[in-house]
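Since the structure comes first, as structure tokens, the remarks are kept for the end.
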Amino acid sequence: MAKIVNSVKEYRIQKGYTQEDLGKRAGVSRQSIISIERGKYVPSLELALKLASIFQCGTDELFQLKEKKHG
């Protein structure tokens, strides 16, 4: 089974945005940004594309699919 990990927090900090700033730019709540950064919520494709546009990067730079190790 795979897990989606993201670099939203790193990009947000690099741009100097607060979670509130990013939420307003993306049209979502601060709580949504917190959940995405913590890996608790995987955004829709539309939101992932909006975030990539805000950060001027590719969605594949923001979100990666990581294989979980079977133990």
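Some values worked out for this structure:
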read-out	value
Viscosity 1.306 mPa s, 10 °C: Kirkwood-radius Stokes-Einstein D of the chain over Cα pairs, µm²/s	129 µm²/s
Per residue value of the accessible surface for the chain (all protein chains in place, 1.4 Å probe), Å²	70 Å²
Computed magnitude of the charge dipole of the chain (debye, nearest 20; Cβ of K, R +1, Cβ of D, E -1)	240 debye
Set of lysines near LYS24 by C-alpha distance (under 26 Å), chain-local residues within fewer than 8 positions excluded	LYS9, LYS15, LYS40, LYS50
Within the accessible area of the chain (1.4 Å probe), percent carbon and sulfur	48 percent
Contour excess over end-to-end distance, with Cα ends at ALA2 and THR18 and 0.36 nm allotted per residue	2.8 nm
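The values are calculated or read from the model by the stated rules, or taken from the named source; none is laboratory data. Since this is a predicted model, take the numbers as computed values, not measurements. Neighbour counts run over all protein chains shown; Cβ positions are idealised from the backbone, glycine included. Only protein heavy atoms, including side chains, enter the accessible area calculation; ligands, DNA and RNA are left aside. Shrake-Rupley method; radii C 1.70, N 1.55, O 1.52, S 1.80 Å.
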